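The values are calculated or read from the model by the stated rules, or taken from the named source; none is laboratory data. The model shown is predicted, which means the values in this text are computed figures rather than measured ones. Using ideal geometry, Cβ is built from the backbone for each residue, glycine included, and neighbour counts are taken over all protein chains shown.
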Amino acid sequence: MEPANNQQETNNPLSKKTFLKKHWWMWLVLIVVFVIALTGIGIIRNTGKKPTPNTTYLPASVPTIPSTSASAITSPPSSTEGINTHTERYGSTGADQNLITLGPKIDPYSRSTPYSGKRGFEFELNSKAPLLAPIDMTLVGFYNNSTASGIGADGQKYTPMNDLVLTFESASPDWPGMIILLYHLYTSPLILGHYQNLECSDVEWGTKNIQAEGQLFFPFDDYIVPSKGNAKACKALIGRTVKRGELIGYAGNVGEHSFASFCFKVPDRSINPTVKQGNRNLHWVQPASFFYWKSYSPDVNIPSGVLVYPFETDGYQLPAEQRNTNFKYSSTK
């Protein structure tokens, strides 16, 4: 009878459930082992693959240089007539090569070594010479670092130390998203209160009374300053667009040396490894070798991507009233 009883117990569904309840842990172990095995296979298969570096990732928000815009990393203009004809105005040094992360690092016109962290190059101009916009661009920030006397990058004391700084963003389809930085300016018609209001004039060297507002760019960082110091007294026309060839400022002095400094940050899909804070898709470029330049006049043909020299040349002059450093734009365009 026992065999019959054993056979009946074996075929009893209740007996199977009892077995499963008693040995549930065995099934759990088998499932875990199976999952680990599948994961291991995946790891082995992926080991031989190279990860996609961040430098090739192109976020949708990052503009790129149009292929039609002439530059060192696209193509030269179709005609070189009138291009790069005033290189005698270029300063003795270009940008610090260690900062350049897009395009040629070398400034072919540089005659001496730039100081560490130098972002651009200079145009040698007469004191308080008017400056022209190299392209259509919009004022996005400023700070006034001008002092009656100050210490230069070489550690020497200079009197005066003109250093009004302006930040622009390109409004030209040739250079979407590009940043243009000017410094060592005497003044600008875009800063209505500068030298018009005593609260927006020279600061004392070494103090923290600098007036600043908007988007600012430094060698390794960029950030937005809501308002600093007496910035409101300066009445900066943040958001105002100036067209190519229009007045944007006047060349300043560092001691007896008169000039204006121009720097450019160009957007690109690659990552700028030098940026510690801010937009890592913006790259400092070497202005003298990255861009093509041409003299401005209202009727001159400017090829796509070519910048105009930011000074009066080849017979062109601004209206007489704009050659006076007291000239200011109205608060509305």
Any idea which of (1) farther than 20 Å from V140 by Cα; (2) at pLDDT 95 or above is the one N197 doesn't satisfy? (2)
If you go through the stretch 139-167 one residue at a time, how many are surrounded by fewer than 17 Cβ atoms within 10 Å (Cβ to Cβ), in a strand (DSSP E or B) and touching a Ser or Thr at 6+ places or on another chain (Cβ under 9 Å)? 1
Among the numbered criteria (1) buried (at least 18 other Cβ atoms within 10 Å of the Cβ); (2) under 18 Å from E169 (Cα atoms), which single criterion is violated by Q211? (2)
Search result, residues across the stretch 107-138 that are surrounded by 17 or more Cβ atoms within 10 Å (Cβ to Cβ) and on the phi > 0 side of the Ramachandran plot: K128
